[in-house]
Amino acid sequence: MSSKERTLSREVVATQIPSGDKHTLFANTKLFIHQTLGGSFTVQTDFGLFRIDGKDGDAIGEQVITDKVDSATLADGAPDPEAVWDQLKKVYDPEIPVNIVDLGLVYSMDVSKNEAPEGGYKVDVAMTLTAPGCGMGPAIAEDAKGKILLVPGVAAADVRITWEPAWNQSMISEEGKMKLGLI
């Protein structure tokens, strides 16, 4: 048995790729690990591709991955923008081994005072996807939002998917192009 072939030790809820739908994968399901990036696992079963959250790593014989952010807020209590960008670099399309920042999918990231009663700061992100028909869009946006909310000082986050301008390969960073073998 290959080191990437596994059998689920317990039931887990996973996200189907590319639809983004949630499904229960049952104990004793055989699977193959394709990718372990961004705090999640992309796996293949006899009935499709799925993304398993890092918190469920133990179910596939891997270490549990917890999202932890080691960052202080700025002097005024605002989140450190670099920490937000670092979190966005932990978000991956489960079918592509390059993070959404290096893929050129994040168009903007803004930090502002949160107008809601709880105060704090809000992070707004505008991003796109490599293809308009990508069913994983909502799941990727939710993953980004969850990672942003872990940054100290962030009280709220909004990740919006936009199609303007249309994404193209020239938007990929040099590092991303190297990982994809484009240069």
task: Scan the stretch 90-120 for residues that are within 19 Å of THR73 (Cα to Cα) and touching a residue at least 12 places away in the same chain (Cβ under 8 Å) and jot them down.
output: MET109, ASP110, VAL111, SER112, ASN114, GLU118, GLY119, GLY120
- line: Just one listed residue, out of ASP86, ASP46, is exposed (fewer than 13 other Cβ atoms within 10 Å of the Cβ), without any contact (Cβ under 8 Å) to a residue 40 or more places away in the chain and charged (D, E, K, R), and it is ASP46
task: Can you confirm whether the stretch 155-167 contains a residue that is within 22 Å of ILE17 (Cα to Cα), under 15 Å from the mean Cα position of the chain (by Cα) and part of a loop (DSSP other than H, G, I, E, B)?
output: no
- request: Working only within the stretch 19-52, note down all residues that are under 14 Å from the mean Cα position of the chain (by Cα) and either farther than 17 Å from LYS147 by Cβ or not basic (Lys, Arg) (or both).
  value: GLY20, GLN35, THR36, LEU37, GLY38, GLY39, SER40, PHE41, THR42, PHE50, ILE52
- request: Go through the stretch 53-73 and give me each residue that's surrounded by 15 or more Cβ atoms within 10 Å (Cβ to Cβ) and either at pLDDT below 90 or within 15 Å of GLY146 (Cβ to Cβ) (or both).
  value: ASP53, GLY54, ASP56, ILE65, ASP67, VAL69, SER71, THR73
query: Among the residues of the stretch 1-41, which ones are in contact with a helix residue (DSSP H, G or I) (Cβ under 6 Å, 6 or more places away or on another chain) and of a type in the set (A, V, I, L, M)?
result: LEU8, VAL12
task: Filter the stretch 1-23 down to the residues that are of a type in the set (Val, Ile, Thr) and closer than 9 Å to PHE50 by Cα, then identify the one that is surrounded by the fewest Cβ atoms within 10 Å (Cβ to Cβ).
output: ILE17
- request: Go through the stretch 58-83 residue by residue and tally those that are closer than 30 Å to GLN169 by Cβ and touching a residue at least 24 places away in the same chain (Cβ under 8 Å).
  value: 4
- request: Would you tally the residues in the stretch 132-164 being over 28 Å from THR73 (Cα atoms) and touching a residue at least 24 places away in the same chain (Cβ under 8 Å)?
  value: 8
- request: Kindly check whether there is at least one residue in the stretch 103-112 that is touching a Leu at 6+ places or on another chain (Cβ under 8 Å), modelled with pLDDT of 95 or more and either of a type in the set (Asp, Glu) or buried (at least 22 other Cβ atoms within 10 Å of the Cβ) (or both).
  value: yes
query: In the stretch 113-146, which residue that is assigned to a strand (DSSP E or B) and in contact with a Phe, Trp or Tyr (Cβ under 7 Å, 6 or more places away or on another chain) is nearest to ASP53 (Cα to Cα)?
result: MET127
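The values are calculated or read from the model by the stated rules, or taken from the named source; none is laboratory data. For clarity, every value in this text was computed on a predicted model and none was experimentally measured. As a convention, Cβ positions derive from the backbone with ideal geometry for all residues, glycine included, and neighbour counts pool all protein chains shown.
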